[in-house]
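The values are calculated or read from the model by the stated rules, or taken from the named source; none is laboratory data. As the structure is a computational prediction, the values presented were derived from the model and not from experiment. Neighbour counts are summed over all protein chains in view; Cβ atoms, including those assigned to glycine, are modelled from backbone coordinates with ideal geometry. All accessible areas refer to the heavy atoms of the entire protein, side chains included, with ligands and DNA or RNA removed. Shrake-Rupley method; radii C 1.70, N 1.55, O 1.52, S 1.80 Å.
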Amino acid sequence: MPAGGEAAAAASLAEAEDAALRLRGDTATSQGRLVARRFLAHKAAMASVAVFAAIAVLAFTSIGFAGIPGWWDKSYTLAATVVDGGRPTLSLVPGWLGGEGLRWGEHPFGQDSTGKDYFALVMRGTQQSITIALVVGTVATVIGSVVGAVAGYFRGWVDSVLMRITDLVIVIPLLVLAAVLGKIAGGSGNVLVLALVLGLVTWTGLARLVRGEVLSLREREFVSAAEAMGARASRIIFRHLLPNTVGVIAVNATFAVAGAILLETSLSYLGFGVRAPDSSLGLLISQYQSAFTTRPWLFWWPGMTILAVALSVNFIGDGLRDAFDPRQSRAARRKGRTRP
Amino acid sequence: MLRFILRRLGASAAILLGASLLLYVLMVNAGDPLKDLRESNASNRDELIRQRIGFMGLDQPWYQRYWTWLAGVAKCVTLNCDLGTNRSGVEVSSLLANAAGSTLRLVVLATVLAAVLGIAVGVLTAVRQYSGLDYSVTFLTFLFFSLPVFWAAVLLKEYLAIGYNDWIANPAFTPAQTAVSALLFGFVMQVVLAGSRTRRLATFAASAAFVALVLPYLQWLNFFRYPQLGFGGVVVLSLAVALSATATSAGLRNKLVLYPVLATVLAGAIAYWATFGLMENPTWGTLALLLAAAVAVPVVLGRVLGGHLRGRATGAGLATALAMAGLTTLDHIFRAWPGFLSLKPRPISTIGSQTPNFGGTFWESFLDRGAQLLLPTLLLALISLASYSRYTRASMLEVGRQDYIRTARAKGLGERTVILKHALRNALIPIATIMAFDFAGLIGGAVVTEAVFGWKGMGELFRTGLDQVDPAPVMAFFLVTGTAAVLFNMLADILYAILDPRIRV
Amino acid sequence: MSSAEGPDTRTALRFEGVDVFFDAEFSEVHAVKGFSLEVKRGEVVALVGESGSGKSAIATAAMGLLPANARVAGRIQVGGTDVLGLDEARLRRMRASNIAMVFQEPMTALNPVLTVGDQLTEALELHGIAHGKAADRRAAELLGMVGIPDPHQRLRQYPHQFSGGQRQRIVIAMAISCGPRVIIADEPTTALDVTVQAEILDLLRELKDKLDTGILLITHNMGVVADLADRVAVMFQGRVVEAGTVRDVLTRPEHAYTRTLLAAVPHLGRSGPQAAALPAGGGVAGRDAAGGDAAAGETVRQPVLRARGLAVEYTARGRAFRAVEDISFEVAAGEILGLVGESGSGKSTIAKVVLGLLPVASGELMVHGQNLAALKGRSARAARARIGAVFQDPAASLNPRFPIGECIVEPMVVHGKGNRRSRAERAYDLLDAVRLPRSVVNRYPHELSGGQRQRVSIARALALDPELLVADEPTSALDVSVQAAVLEMFAELQSRYEFACLFVSHDLAVVDMLAHSVLVMRNGRTVEQGPAARVLHEPRQDYTRRLLAAAPVPEPGEQRRRREARRALLAEQPAP
């Protein structure tokens, strides 16, 4: 309590509180601002944002996207002569440390067996993975939160029907359902169709979480107050309930994105996702896993890229969780601990 | 309770039915099952097409085919399943029988392993919130979450399997390897055991010294090719377990617990020799019987000798007896190891679920399957372990904030009792449900794992079925995984009721 | 105990210049400042204060159970041993055997997955008092001692199989199980109904005499202090502002804060001016009127709200059960009807039905001649505009994502009234009316205190000038002085805007102060109804009498007389 509270100490609690309120500055802090402040203080999450942004920028600007040309001059579809066994020309060890100096070179990530530039292939794969993951994440989040909120708000038969549908999707292993849909959609050669279809089967987890959250939120009195003043269901769901589940939604949306990256790569690995001649990180690993001993770079680059993207997205999710739910936050605790 | 279970069962059956219809419709629309034949230029092409249309029933509309499939499944009630034929006319039920065994073995083992370890790690990290251990485990779990299974599998094959196989041919440690292992072990131990700075240093020094001495000694014994425990080893280790179980449950000076526990060790020592011949080449049946005996003996001893502390005496005795049974089994496995190595010089192979035409005794083929199972189980378990430990940690932290935990502390209970007795049971309640839901996902993960390790399991059945747009094997796959998911859900419900009296009474 | 001051073997708990600091997320809070107090065996010392006074921090500090982000300085002694700086193991041995605690929330203080017997014997075995069968016997004995019938059978039951009052008895049994020198009771009766509260207070009084235990009673309720305590210390914002015997402090308070606090306590029997200005006829369609017709037809008053033979049903696990049965009442403009009863009486259910949150199972519910139960769709929503609502929990009644201004004018938005400018104007007017600064419009609910949020709720309820206001326990979660301010404001607004009001409360004194007429409920049925003065001062039903007798008043002498009277009443009319 600020000093003003003490000054009014002799009076009563009510007066002290009002005095404190008057004394406060004019800046109001919304929940969103508090969350942002905590998120920005989360070191791992901020580093992950930087890593993810760097990878995304590299992937989308290097070989270009959607017809816009990039700064990298080689194509991921063009075969060429294999130079130096397709070895990567990238070197990060400076000369004075006994390395070959900082060098980008002709084929930084090397070449595959037909001489295609591997950097371009990996960048293309990264583009595909990020695109698919973001679309899947968005579609799944929208469907999941609406289904969950509607089921949780209306309860009764609406809830039963929606939750049985959710169970129906859950009881088929996700990878199986995704593989079958991927087989249907992947044939079109359009990754957006694949992404939309995957989004249609990955919303179930979020729907359950949001439903649970809404079931407890709707017992809160501000929802009763809105009902009592005659607000429509749509207003209650979209103005009162969903904004208050934004923490759960945001955190799980990031985890859904990370999950989608892994799902897409798994599908492509099994041959039910992105198919040649297009490129995907999973497809690259599937094609070159047997080359591990002879040409390990063909295996390491796509794998490390998946790992880096998925890991950074997961850490962003963790940072969001800490920011939205400060009870478990490390930042808050650490601050408490450093004091004498 | 029974009505509740029956109702859940009914609902689950309806969901399975709906899901099977959904999957069937999707499968029928997954492509052209005759594509390869249409494009082929074999001379008997038309004959082949006609044949496949016959096997797959393509002359009927899809709903009729679904109905036929459903009717066939309904026969399972009389234990006479008819799951149709695949596109080449092979009975799917016979394919499934071979496939299901190895896959379920993999998935169940991985789940159990992941659950036990995941909960343990979760509890530990919750207790040590914001410690070095917590941060390391958190980082590792995120790493495992983000790991593409198929990519990690290749790494495991390369470094663990091939590396180990090369090493076991002539097991030796260079001094540098010994030193690094010792330092690493010491570091990990001090992180896990924690404490003040001096305690950490002591832990580090003791563990590092232990490894630095033991590794060369084991090498000198040629332990890695001829491992041995022997009667002496079994008894000494069992005594250690017995004494620590007594110490933690009632204190070493408490005769009412100490005597029955020591009596258990004595009984175990006698049983070691009595069962020696039997254990050299047992069957699963005899093993189960012996396990039952290992449970019965300490229970009887604890009840008879435990007096008013019979509950604790039984518990400590049971822990001792199980440890002793495990050690005795391990002793026999050790004895079988040299024979196994001569039969299979490169023990961990990376293809298939068992070595074809593998002869050998019970323990030798046990070792063979174990070695084949090792990598896929490890992989599958690591990923679920990561999520279980996170759930457990979050759940434990949540429970730790409850009023009744404060009440327990206010009674003067020690941290161990507060955590294991008061917190953990409550924290497990939500975890039970989460695990059941995870099971279906794990089976999905098994599809990828099997693909990487070349198992002829259910994943294979599914993949080829989907590739060839052949619904029968895919539906058979779903039948098993769906039923397993439903069963696991039910298990979770029952577990839920056991854990939570508010549902039970 | 230090030798210089001379050992006093009767001293059970002693605080000397204790300071407690908490590290919060963005600042440090000095929760307790230089606190000193002594509790002797067989003595009850009350620690009184409102939220933020630091009284609960004292309790947890004495138990050594403060959270990791807290820091304590000073000296705390339990039976002569210093608690601060004691190592964990010695501290643990001291808990339960020397110092025990009774918590506020009986519903959550017991572990839901362990049997009551297990939780009781645990401490007995740990402190080596009894083992095995003997421990079970002792546990049953303890349960019997705290008045739980059939103790041997009930040992095997789980907490959820006991009522709230019984659970608090179990917590007390647990606290006395190892014969502590002192028990810290942190708001032990706050979560309980008045009649149960009276029983628990009797139990504590009986036990401390029998066991010669000291009690540090932490409470905000002056009535409880008057009933049980020997001495009292009043805390405000971390400091003790006044201490002394209960008689001195409660009857001749010296410090201004103590005086405000005592003045703020609603006192049963000193009813407000409104009761006197009660319109003839009582504003109540009595039970006879509900059945007959003559009385209702002749009144000129037009009731804003009228219920006849109202029944409400809940469905739980497919089975319907009647939460409310055959309730009839009327409220006219400018009148306040108090609905009183204990938990489970159905009083809040009625509020929910009037607010349209629950359906009417049978009977009539008329608002200005329209049957609410029969309205559908658009007209049902339009009817909502004429009814305002104020709820109990200040922490939950405002959407945390809406700024205060938006919260207040939400009814206008919902019903499409006004434009942006006129809504902003209205928000300012309403803030003036509830005496909050206009700058609050841009703030968020979490930046306001509980009392301020309840005032915002009232402003929101008045946004559309409703003819009827439903207030469901609007002040029961507030501190006494804050409650007094809110109630005063409420009464003033009611006389200014002349809305009819349905006021639900468990606190008879509050209803006595505010309401014109009263309806006493029990188990979903009417016990007694009529003008407030009549029902609360000349009750005709036994239940009403028991309810009135159980509510403690903040005057030790009067409270002792009331206690004796209640005993006599119970002896002559045993509670069913």
Exercise for the section: Could you look at chain C and say what percent of its accessible area is carbon and sulfur, using a 1.4 Å probe and all protein chains? Expected result: 48
Completion exercise
Rounded to the nearest 10 Å², the accessible area of residue B:144 using a 1.4 Å probe with every protein chain kept is 40
Completion exercise
So, with points 7 Å from each Cα along the Cβ direction, the residue B:70-residue B:181 label distance in nm works out to 6.0
Practice task
Evaluate E = 1/(1 + (r/R0)^6) for residue C:419 and residue C:27, where r is the Cβ-Cβ distance and R0 equals 51 Å; express this FRET efficiency to the nearest 0.05.
Solution key: 0.80
Fill in the blank from the handout: Ordered by number, the residues of segment C:354-374 that have at least 40 Å² less accessible area in the complete protein assembly than on their own chain alone (1.4 Å probe) are C:357
Practice task
Quick one: grab the alpha carbon gyration tensor of the protein assembly as shown, order the square roots of its eigenvalues as a ≥ b ≥ c, and give me rounded if a/c is under 1.5, else prolate or oblate depending on whether a/b is larger than b/c.
Solution key: prolate
Fill in the blank from the handout: Isolated cysteines for the protein assembly as shown, Cβ-Cβ cutoff 4.7 Å, are C:178, C:407, C:501
Handout entry: ³J(HN,Hα) computed for each position of segment A:256-272 - Karplus, 6.51 cos²θ - 1.76 cosθ + 1.60, integer Hz, glycine/proline x
Key = 5, 5, 4, x, 5, 4, 5, 5, 4, 5, 4, 4, 5, 4, 6, x, 10
Practice task
Would you mind checking the tilt of helix B:230-249 against the longest principal axis of the Cα atoms of chain B, expressed as 0 to 90 degrees and rounded to 10?
Solution key: 80
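So how much accessible surface do B and C hide from each other in total, probe 1.4 Å, in square angstrom to the nearest 100?
Numbers: alone 27180 and 25540 Å², together 50310 Å².
The contact between C and B buries close to 2400 Å².
Using heavy-atom solvent-accessible surface (probe 1.4 Å) with all chains present, what is the largest-first order of B:5, C:170?
Numbers: B:5 35, C:170 0 Å².
I get B:5, C:170, largest accessible area first.
If one takes the accessible area of chain A alone plus chain B alone and subtracts that of the pair, with a 1.4 Å probe, what total in Å², rounded to the nearest 100, results?
Details: alone 18700 and 27180 Å², together 41530 Å².
Buried area (both sides, nearest 100 Å²): 4400 Å².
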Completion exercise
Computed ³J(HN,Hα) along segment B:110-126: with the Karplus parameters 6.51/-1.76/1.60, θ = phi - 60°, integer Hz and x for glycine or proline, the list is 4, 5, 4, 4, 5, 5, 5, 5, x, 5, 4, 5, x, 4, 4, 6, 5
Exercise for the section: Rank A:17, A:221, A:106 by mean-square fluctuation in a GNM of chain A with C-alpha springs under 10 angstrom and give only the top-ranked residue. Expected result: A:17
Fill in the blank from the handout: Distance in Å, no decimals, from the C-alpha centre of segment B:30-53 to the one of segment B:146-207 is 55
Exercise for the section: Would you check the accessible area of residue C:417, probe 1.4 Å, heavy atoms only, in square angstrom rounded to 10? Expected result: 90
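Within the accessible area of chain B, what % is carbon and sulfur when the probe is 1.4 Å and the other protein chains stay in place? Intermediate results must be reported in sequence, preceding the final value.
Details: 16350 of 23770 Å².
The C+S portion of the solvent-accessible surface of chain B is 69 percent.
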Completion exercise
Going residue by residue through segment B:45-58, the Karplus relation 6.51 cos²θ - 1.76 cosθ + 1.60 with θ = phi - 60° gives ³J(HN,Hα) values, rounded to whole Hz and with x marking Gly or Pro, of 4, 4, 4, 4, 4, 4, 4, 5, 4, x, 4, 8, x, 5
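Write down the accessible area per residue of the protein assembly as shown in Å², having rolled a 1.4 Å probe over the full set of protein chains.
Working: 60020 Å² over 1421 residues.
Per-residue accessible area for the protein assembly as shown comes out at 42 Å².
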Practice task
Could you grab the relative contact order for chain C? Cα pairs under 8 Å, six or more apart, rounded to a whole percent.
Solution key: 15
Completion exercise
The distance between the Cα centres of segment B:445-461 and segment B:356-400, in whole Å, is 16
Problem - Accessible-area order (highest first, 1.4 angstrom probe) of the listed residues C:13, B:290 - result: B:290, C:13
Completion exercise
For the pair C and A, the solvent-accessible area buried on both sides (1.4 Å probe; DNA, RNA and ligands excluded), in Å² to the nearest hundred, is 4600
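With all protein chains present, how much of the accessible area of chain A (probe radius 1.4 Å) comes from carbon and sulfur, to the nearest whole percent? List each step's numbers first, then the result.
Working: 9130 of 14170 Å².
After summing per-atom areas, the C and S share lands at 64 percent.
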Fill in the blank from the handout: Note on segment C:443-465: residues buried by at least 10 Å² of accessible area once partner chains are added (vs chain on its own, 1.4 Å probe) come out as C:443, C:444, C:446, C:447, C:449, C:452, C:455, C:460
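First check a/c for segment C:273-572, with a ≥ b ≥ c the square roots of the eigenvalues of its C-alpha gyration tensor; if it is under 1.5, answer rounded, and if not, answer prolate when a/b is larger than b/c or oblate otherwise. List each step's numbers first, then the result.
Values: a/c = 1.72, a/b = 1.27, b/c = 1.35.
It is oblate, given that a/c is not under 1.5 and a/b is not larger than b/c.
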Handout entry: Members of segment C:123-170 that become less accessible by 10 Å² or more once partner protein chains are added (1.4 angstrom probe, chain alone as reference)
Key = C:123, C:125, C:126, C:131, C:132, C:133, C:158, C:160, C:161
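Using DSSP to call loops (not H, G, I, E or B), can you name the trypsin sites (Lys or Arg not before Pro) in segment C:114-205 whose Cβ has at most 15 other Cβ atoms within 10 angstrom? Provide the component values of the computation, followed by the final result.
Values: sites: C:133, C:137, C:138, C:154, C:156, C:167, C:169, C:181, C:205; in loops: C:156, C:181.
Hits after loop and neighbour filter: C:156.
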